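The values are calculated or read from the model by the stated rules, or taken from the named source; none is laboratory data. Since we're looking at a predicted model, the values are computed, not measured. So basically every Cβ, Gly included, is an ideal-geometry build from the backbone, and we count neighbours across all protein chains shown. Only protein heavy atoms, including side chains, enter the accessible area calculation; ligands, DNA and RNA are left aside. Shrake-Rupley method; radii C 1.70, N 1.55, O 1.52, S 1.80 Å.
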Amino acid sequence: MGKKVADQLVETIEKAGIKRIYAVTGDSLNEVNDAVRRRGTVEWVHVRHEEVGAYAAAAEAELNGIACCAGSSGPGHVHLINGLYDANRSNASVLAIASTCPSSEFGMQYFQETDTMKLFADCSGYNQLAVTPVQFSRMLQSALQHTIQRKEVAVLGLPGDLAAEKAEEGPTASFALPTRGVYRPQDSELQRLAGMIEEAEKITIYCGIGARDAHDQVVKLAETIKAPVGYSFKAKMAIQHHNPYEIGMTGLLGLPSAFASMHDSDLLILLGTDFPYESFMPDRCKIAQVDIRPERIGRRAKVDLALGGDVGDTLEALFPLIRPKTGDDFLMKQLQVYRKVRENMASVAEKRGGACTIAPEYVASLIDRLAAEDAIFTVDTGMCCVWGARFLNATGKREMLGSFNHGSMANAMPMAIGAAFARPGQQVVALCGDGGISMLLGDLATIAQYKLPVKLIVFDNRALGMVKLEMEVAGLPDWQTGMYNPDFAAVAEAMGIKGYSVSDPAGVEGVLSEALAADGPVLVRVCTDPNALAMPPKIEFDQMKGFATSMAKLILAGRGDEVWETAKSNIKHIWGIL
């Protein structure tokens, strides 16, 4: 028999740079599985849950440019959804193959039938269903072209019977055709930005992930116009390193220094950021925004000047139009504030905590110090994001991945799987919340099966920590946030992964050192303080009032011991309020 549609799929994605498919095989996917086996050039990664496969593919795409996952008809499709939402919102080039029931059964409420066009409409940029071999050939090329150039998820529905048919070439291009052009604003818009810079005395630069490939241009701009540089969590590893003008992050996880600088400026330049929290953006200064996706400009702040363009291309064109500034009083003031903030953070990280109440800040600071210079970190949504944001530092070689836009729990371990496959020569360290890792615990078996040398650090605080804090600042006593946890280290051992459990702060450094130096996969369970709070960069009166109200309710409910433990755990943060 000649080449099947499934063979054509494997051949085409291989030429597009896809090295593996993350999936659970079965029924409608079996022809694709067999084509992978016979061709032997693309790896099939047998995850235990399709959501894990989608997250792993998203991580690989962020690190290597493109990746692929697949789900078989019905439940396999639904399981992909959460990870694909995350990938699409993170602008990750992920191709998702959604194999379906036989095309002759469409509309008959067949076993496991789902409407892929409806199901994936909101979590993809390209979403089509092929029903003939020629149509599939054309759609596959279009899907690849879209996901590569638009950096959005592309979903292609593939009926199981179609996968087994003889492949046919269409009349159009049959392979992906990547290209990269120069993209910057027109000269008149750049002149306007240069004029705003000339007139301003206090300028702050704020960078998002869109400035990732423009680190040197950002530093040059900061030096030229004497401006401090803040950045989003997602952009931290790309912008912080070798940057004498950086002042940290703002936002819920950020620091007072960046928040203060942005609000004390008369000009804020936003570079490649779609920072979602408008409450942290200033509204009394002029704002210029550069973004490669101009449709996003102005939806987070009152922008005065919109500039569509790649950040690096735009800054290169801007440099000849601006004169170096000589006065650096504003810059020096902001850098001094940042130094003080970092000193306070270091002081907080020195407090180790007690038995079964190990300070998570101390743990994160140790991970930062002990991890490799080129480590890839993945962080769970919630408190792990806070500790990663504040205590993991960039080197110019490190990467950090998380569910920064979608904000889903349980992403750290699956992303670590994708990172380990994508970069086999680099250390991968996952900061996992106990709530997060509990959700997808079964894929520890995937890590063991493929002997992926990931290091999973589980912050076991026996609570949904961020939810607990959210309830407290809203004036609500925390309810249903406590968790019964297994011994995660013992679970790891049962899965074939080396497990450590540490409850004494004196033993944390030794255990982490041994775990990070180990050759294979390791899980370290650290019993952290459930009452540790993440102080935002600016404390609002309503937050203080709400927190006090919730503490009073706990006392009235006979839970005064919890209030006392919370107070003791967080006296180290008093500087954040003062």
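Using the per-residue mean of other Cβ atoms lying within 10 Å as a proxy for protection, in what order, highest first, do the peptides 122-131, 154-163 fall? Don't skip to the answer; put the middle values down first.
Values: 122-131: 19.5, 154-163: 25.0.
Packing proxy ranking, top to bottom: 154-163, 122-131.
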Fill in the blank from the handout: Any aspartates and glutamates whose Cα falls less than 20 Å from that of LYS325, other than same-chain ones fewer than 8 residues away, would be GLU198, GLU199, GLU201, ASP216, GLU223, GLU246, ASP264, ASP266, GLU316
Completion exercise
A student applying the Cα gyration tensor rule (rounded when a/c is under 1.5; otherwise prolate if a/b is larger than b/c, oblate if not) would label region 95-204 prolate
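What order do you get for 257-263, 182-188, 135-141, 342-348 when each peptide is scored by the mean count of other beta carbon atoms within 10 Å, highest first?
Numbers: 257-263: 23.9, 182-188: 13.4, 135-141: 21.7, 342-348: 15.1.
Highest to lowest by the protection proxy: 257-263, 135-141, 342-348, 182-188.
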Fill in the blank from the handout: Quick note, region 32-172: a/c under 1.5 would make it rounded; otherwise a/b > b/c is prolate and the rest oblate (a ≥ b ≥ c, C-alpha gyration tensor); here it is rounded
Fill in the blank from the handout: Along region 333-338, Karplus-curve 3J(HN,Hα) (6.51, -1.76, 1.60; θ = phi - 60°) to the nearest Hz, with x for Gly and Pro, reads 4, 5, 5, 5, 4, 5
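Run the accessible area of region 233-277 with a 1.4 Å probe and give the carbon-and-sulfur part as a rounded percent.
Using a 1.4 Å probe with all protein chains present, region 233-277 comes out at 65 percent carbon and sulfur.
I'd like the per residue volume of the convex hull spanned by the Cα atoms of the chain, given in cubic angstrom.
Values: hull volume 88.8 nm³, N = 578.
Normalising the Cα hull of the chain by residue number yields 154 Å³.
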Completion exercise
Measuring from its Cα centre, region 306-430 shows a charge dipole (+1 at each Lys and Arg Cβ, -1 at each Asp and Glu Cβ) which, in debye to the nearest 20, is 380
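Listed highest first by mean packing, meaning other Cβ atoms within 10 Å per residue, what order do 20-32, 381-393 come in?
Numbers: 20-32: 22.9, 381-393: 24.5.
Listed from highest to lowest mean packing, they are 381-393, 20-32.
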Fill in the blank from the handout: Two pseudo-spin positions, 7 Å from Cα along C-beta at ASP328 and at THR179, lie apart in nanometres by 4.4
Exercise for the section: List, in order, the whole-Hz ³J(HN,Hα) value for each residue of region 384-389 obtained from phi through the Karplus relation with A = 6.51, B = -1.76, C = 1.60 and θ = phi - 60°; use x for Gly and Pro. Expected result: 4, 4, 4, 5, x, 4
Handout entry: Whole-angstrom gap from region 17-60 to region 368-382, using each part's C-alpha centre
Key = 27
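Is there a pair in LYS151/LYS226; LYS15/LYS236; LYS15/LYS234; LYS234/LYS455; LYS220/LYS286; LYS15/LYS151 whose C-alpha atoms are over 27 Å apart, and which pairs would that be?
Long pairs (Cα-Cα over 27 Å): LYS151/LYS226; LYS15/LYS236; LYS15/LYS234.
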Problem - Which of ALA227, VAL491, ALA54, positive extreme of dipole for the chain (C-beta unit charges) - result: ALA227
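Under 8 Å for C-alpha pairs, at least 6 residues apart: give me the relative contact order for region 320-437, rounded to a whole percent. Please report the intermediate quantities before stating the final value.
Working: 147 pairs, mean separation 29.1, N = 118.
Averaging sequence separation for qualifying contacts and normalising by length gives 25 percent for region 320-437.
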Handout entry: Full-extension gain in nm, ARG339 to SER279, via 0.36 nm per residue minus C-alpha separation
Key = 19.1 nm
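Suppose every Lys and Arg Cβ carries +1 and every Asp and Glu Cβ carries -1, with no other charges. What dipole size does the chain come out with about its Cα centre, to the nearest 20 debye? Don't skip to the answer; put the middle values down first.
On the way: 56 positive and 69 negative charges, 153 e Å.
Its charge dipole is roughly 740 debye.
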Practice task
With a point put 7 Å past each Cα toward its Cβ, work out how far ASP216 is from ASP374 in nm, to one decimal.
Solution key: 1.9
Practice task
Work out, step by step, the length gained on full extension between THR132 and GLU198: first 0.36 nm times the residue separation, then minus their alpha carbon distance; give nm to one decimal.
Solution key: 17.8 nm
Handout entry: Dipole magnitude of region 93-237 about its Cα centre (Cβ charges: Lys, Arg +1; Asp, Glu -1), debye to nearest 20
Key = 500
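Report relative contact order for region 364-512 in percent, whole number only (criteria: Cα-Cα under 8 Å, sequence separation at least 6).
Values: 234 pairs, mean separation 31.7, N = 149.
Relative contact order, region 364-512: 21 percent.
Nearest 5 is fine: what % of DSSP beta bridges in the chain come out antiparallel, could you say? Numbers along the way, then the final one.
Working: 4 of 69 bridges.
In the chain, DSSP labels about 5 percent of beta bridges as antiparallel.
Which GluC sites (Glu not before Pro) in region 176-285 sit in a loop by DSSP (not H, G, I, E or B) and have at most 14 other Cβ atoms within 10 Å of their own Cβ?
Numbers: sites: GLU189, GLU198, GLU199, GLU201, GLU223, GLU246, GLU278; in loops: GLU201.
Counting only loop positions with at most 14 other Cβ atoms within 10 Å, the GluC sites (Glu not before Pro) in region 176-285 are GLU201.
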Handout entry: Theoretical gain in end-to-end length, GLU493 to GLU295 [0.36 nm per residue, Cα-Cα removed]
Key = 66.4 nm
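Could you state the orientation-averaged shadow area of the convex hull built on the Cα atoms of region 379-538, in nm² to one decimal? Walk me through the numbers before you get to the answer.
Values: hull surface 40.3 nm².
The Cα convex hull of region 379-538, projected and averaged over all directions, gives 10.1 nm².
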